[in-house]
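Just so you know, all these numbers are worked out from the coordinates, no wet-lab data involved. Every value quoted in this text rests on a predicted model; they were computed, and no experiment measured them. Neighbour counts are summed over all protein chains in view; Cβ atoms, including those assigned to glycine, are modelled from backbone coordinates with ideal geometry.
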């Protein structure tokens with residue numbers, strides 16, 4: 001029940017929902033507007049990331065990045081460089097989907113230390 005209350009209180013969600021309903025009056029959505037190739041690619045990337053997380057590959061990379069960095073500033077610069085290089089080869093949304101789980105693993109490792 002608290003999840004529903006939190007969703008009802010979320011101002012960004014309310015504004016987004018309002019804009020979605022407003023946009024439905026401007027133009028009718030068509031099935032042809034959806035790029036299913038992109039959706040399948042993103043689904044595949046998310047599946048690979050989940051498999052990496054299950055196999056603890058993300059733990060390994062989080063450990064390597066945290067052990068190579070002397071302080072949090074250097075870790076931030078390394079992660080920023082990784083994001084820039086990944087964005088060169090992947091689109092921005094796929095880069096975010098790929099790097100957020102790694103960032104969360106690093107945050108867990110720093111918080112545990």
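Worth a mention:
- Largest GNM mean-square fluctuation across 39, 22, 82, computed for the chain with C-alpha springs under 10 Å, falls on 22.
- Between residue 21 and residue 103, the contour length at 0.36 nm per residue exceeds the Cα-Cα span by 26.1 nm.
- Each residue, residue 36 and residue 70, gets one label point 7 Å from its Cα in the Cβ direction; the gap between the two is 5.5 nm.
- Taking the convex hull of Cα positions in the chain, its mean projected area over all directions (nm²): 10.7
- Taking 0.36 nm per residue of separation and subtracting the Cα-Cα distance, full extension of the segment from residue 12 to residue 91 would add 26.0 nm.
- Relative contact order for segment 31-112: 42 percent, from Cα pairs under 8 Å spaced at least 6 residues apart, divided by residue count.
- Rounded, prolate or oblate (a/c below 1.5 giving rounded, otherwise prolate when a/b exceeds b/c) for segment 48-113 by Cα gyration tensor: oblate
- Listed peptides 48-56, 102-110 by packing density, highest first (mean Cβ within 10 Å): 102-110, 48-56
- Virtual spin-label span in nm between residue 43 and residue 4, 7 Å along Cα→Cβ: 2.9
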